[in-house]
Amino acid sequence: MARDELLKSEGNDMFKNANFDGAIAKYTEAIECLKDPNGKVAVSCYNNRAACYQQQSNYSGVIEDASRVLEIEPNNEKALLRRGLAFEGMERFKLALQDMKACLALNMSNAVANKAQHRIQSALRREAQFKD
């Protein structure tokens, strides 16, 4: 097994044990020694590190890593969902709604994205009422 894949696997084990700081360190180490910076292992490491950041409510970390995934795979459903939820957490509702709509265009039965889309639309309506 290649070093980047081994480190990713170690990060996955730490994530399963809710050791998010440790997992972030392993994914970061894997990213630093990637053989292919746009390959499958890269997408997985960035997506998994975004999941760790999500667990820690580190919205900017989620957005940064999910955006990197989306540069490689524009239709990555997990990355769209994670980034949309992070934008929602930062009250950047228009960007959050864009990601949720893109996510639902890929999979309209995604329950988390459906609920988030309704919450975000309500937040945008409330924002609009305050501006009037």
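Tabulated data
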read-out	value
Full-stretch length increase - E32, E91 - with 0.36 nm per residue and alpha-carbon distance subtracted	18.1 nm
Solvent-accessible area per residue for region 1-127 (1.4 angstrom probe, square angstrom)	54
Listed residue pairs exceeding 26 Å between alpha carbons, taken from K101/K131; K8/K101; K94/K131; K26/K94; K35/K78; K16/K101	K8/K101; K26/K94; K16/K101
For Cα Rg over 2.2 N^0.38 Å, calculated from these coordinates, the label among (1) 1.21; (2) 1.13; (3) 0.92	(2)
Extension gain from F130 to N114, taking 0.36 nm per residue of separation minus the Cα-Cα distance	3.3 nm
Part-to-part distance (alpha-carbon centres) for region 6-44 and region 74-115, which is given in Å	23
Share of carbon and sulfur in the accessible heavy-atom surface of the chain [1.4 Å probe, %]	49
Contour minus Cα-Cα distance for A123 and A105 (0.36 nm per residue)	4.4 nm
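The values are calculated or read from the model by the stated rules, or taken from the named source; none is laboratory data. Everything numeric in this text was worked out from a predicted model, so none of it was measured. The area values use the complete protein model at the heavy-atom level, side chains included, leaving out ligands, DNA and RNA. Shrake-Rupley method; radii C 1.70, N 1.55, O 1.52, S 1.80 Å.
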